[in-house]
Amino acid sequence: MRRFPRVLPPRPPALCAGCPHRLVYAELRRLKATVLGDIGCYTLGALPPLSALDSTVDMGASISMAHGFELARSMGETRAEDRPVVAVIGDSTFAHSGITSLLTISYNQGAGTICILDNRTTAMTGQQGNPVNGITLQGRPSRELDLAELCRALGIDDVREVDSMDMRAVRGALEEATSAATLSVIVFRSPCVLVHRTRKPALSVDSEACRACGICVSLGCPALGKDAGSGKAHIDPALCIGCGQCPQYCPFDAIRPGDDAKGGTR
């Protein structure tokens, strides 16, 4: 009879391999921002190793709470030393209950950074259509809501659209927006991997180049782990979809296409 260990390793839920929200959270963590989260699959960004969300209450609360945090911070005497305040909300949740909160901040001349994570679907509950991707619940095509133009119509001047799979673009947009004392909106756009099931060849780790720094593993991708002996990065080819996120963080150029790695740990 096969024996199983008494204590099984924990398997907490995680953002999917190649999830377009991952780099946004990695950069918010880097900025040490106060991040007000919302309800959606992106709430998983609260879990280690990303640990990027400070609160989640209900649908649409992220934007309202960011407004309150900024008002409270503006009353203090150490504003320059405070962490930037950032709200994170998904595209479908924004259409459901975030628009009115954003209008309230704009009307009251508030500040802060609002991140709308547009993955082109309602990912948490089964990839239903929503006003942002222009598909009704019955699957019929409809008019697609232009998030950037809507935000500008609400009176917000600083509105940016950023490819959420581009680390440098994500980092630059967040640094610029959070350093300003005004209200800004960043629409991070890239489709959910469960909707656009594009899979590229799995990446590999060059064991000679890897220095076991752990930066790539800190992204929390299910396909990434550490070798039990050397501590060097390991990529599971069954889980890796070749999205290209982790190579953007490797300071030693040790993560490469499978055929280019030497002594790879695939």
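Just so you know, all these numbers are worked out from the coordinates, no wet-lab data involved. The structure presented is a predicted model; accordingly, all values stated were derived computationally and were not measured. So basically every Cβ, Gly included, is an ideal-geometry build from the backbone, and we count neighbours across all protein chains shown.
Things to note:
- Above 14 Å, the calculated P(r) of the stretch 196-251 contains 50 percent of its Cα-Cα pairs.
- Here the Karplus relation 6.51 cos²θ - 1.76 cosθ + 1.60, evaluated at θ = phi - 60°, turns the backbone of the stretch 125-133 into coupling constants of 10, x, 6, 6, x, 8, x, 6, 9 Hz, with x for every Gly and Pro.
- Using alpha-carbon coordinates, inclination of helix 167-179 to the longest axis of the chain, degrees: 30
- Couplings for the stretch 20-31, taken from phi via the Karplus curve 6.51 cos²θ - 1.76 cosθ + 1.60 with θ = phi - 60°, read x, 7, 4, 5, 4, 5, 4, 6, 5, 5, 4, 7 Hz in order; Gly and Pro are left as x.
- GNM flexibility winner over the chain from Arg11, Arg168, Arg160 (Cα, springs under 10 Å): Arg11
- About the Cα centre, charge dipole magnitude for the chain (Lys/Arg +1, Asp/Glu -1 at Cβ), debye: 1240
- In Hz, Karplus ³J(HN,Hα) per residue of the stretch 143-153 (6.51, -1.76, 1.60; θ = phi - 60°; x = Gly, Pro): 6, 8, 6, 8, 4, 4, 5, 4, 5, 5, 5
- Cα-based Rg / Dmax (Å) for the chain: 19.8, 68
- Amide H partners (placed H, <5 Å) of Glu161, local residues excluded: Val187
- Under-5 Å amide H pairs with Ala87, H placed in peptide plane, nonlocal only: Leu36, Thr113, Ile114, Cys115
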